[in-house]
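The structure follows.
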């Protein structure tokens with residue numbers, strides 16, 4: 001009989017420990033959804049590769065990645081390319097974003113970016129701003145910039 005008691009103690013301890021872990025986990029505050037960091041980084045890498053390939057390649061990139069609810073708001077870049085250098089540490093959710101009062105479908109994120117525009121290889125503009133990205137159907141969508149010359 002003493003052997004049975006000795007063997008049951010580890011099981012009881014494991015059961016109590018498991019129960020305590022489950023109680024603590026249930027009391028934890030809900031987590032923010034994980035940031036789509038890798039997808040966002042790829043979006044910016046692809047954008048800048050398209051910019052290096054020229055205005056036509058970048059215009060096609062913006063057409064492919066424009067948020068589907070806002071395809072009517074795409075701009076023609078002409079001879080301009082737009083390089084975006086994100087500060088990924090600033091990536092955060094922005095659920096209140098609603099361009100023209102319309103909230104886009106998907107998870108909306110915003111990130112600080114350094115924007116450089118070029119025309120015929122010459123820098124024509126440089127500024128700090130923000131870029132909204134939307135995680136929709138497992139892909140990053142965005143809003144094509146409309147640089148003013």
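The values are calculated or read from the model by the stated rules, or taken from the named source; none is laboratory data. A quick note: this is a predicted structure, and the numbers were derived from the prediction, not measured. Heads up, the Cβs are rebuilt from the backbone with ideal geometry, glycines too, and the neighbour counts pull from every protein chain shown.
Looking at the stretch 99-136, which of its residues are modelled with pLDDT of 95 or more and closer than 16 Å to residue 68 by Cβ?
Answer for the stretch 99-136, where residues must be modelled with pLDDT of 95 or more and closer than 16 Å to residue 68 by Cβ: 103, 104, 105, 106, 107, 108, 132, 133, 134, 135, 136.
Is the stretch 108-123 home to any residue that is in contact with a helix residue (DSSP H, G or I) (Cβ under 8 Å, 6 or more places away or on another chain) and surrounded by fewer than 16 Cβ atoms within 10 Å (Cβ to Cβ)?
Looking for residues that are in contact with a helix residue (DSSP H, G or I) (Cβ under 8 Å, 6 or more places away or on another chain) and surrounded by fewer than 16 Cβ atoms within 10 Å (Cβ to Cβ), one finds none in the stretch 108-123, hence no.
While we're here: Taking residue 66 as the residue in question, decide whether it is buried (at least 19 other Cβ atoms within 10 Å of the Cβ) and either out of contact with any helix residue (DSSP H, G or I) (no Cβ under 9 Å at 6 or more places or on another chain) or touching a residue at least 24 places away in the same chain (Cβ under 8 Å) (or both).
On the way: buried (at least 19 other Cβ atoms within 10 Å of the Cβ): no; either out of contact with any helix residue (DSSP H, G or I) (no Cβ under 9 Å at 6 or more places or on another chain) or touching a residue at least 24 places away in the same chain (Cβ under 8 Å) (or both): yes.
Here the answer is no, as residue 66 does not meet what is asked.
I need a count of the residues in the stretch 43-83 that are in a loop (DSSP other than H, G, I, E, B) and modelled with pLDDT of 95 or more. Write out each step before concluding.
First, pick out the residues of the stretch 43-83 that are in a loop (DSSP other than H, G, I, E, B): 54, 67, 74-79.
Those left that are additionally modelled with pLDDT of 95 or more: 54, 67.
Total satisfying the criteria: 2.
Is it true that some residue in the stretch 88-98 is over 21 Å from the mean Cα position of the chain (by Cα), surrounded by 16 or more Cβ atoms within 10 Å (Cβ to Cβ) and part of a strand (DSSP E or B)? First the steps, then the outcome.
Here is the first cut: in the stretch 88-98, the ones over 21 Å from the mean Cα position of the chain (by Cα) are none.
No, the stretch 88-98 contains no residue that is over 21 Å from the mean Cα position of the chain (by Cα), surrounded by 16 or more Cβ atoms within 10 Å (Cβ to Cβ) and part of a strand (DSSP E or B).
Which number in (1) surrounded by 17 or more Cβ atoms within 10 Å (Cβ to Cβ); (2) at pLDDT 95 or above marks the one condition that residue 144 misses?
Result: residue 144 passes all but (2).
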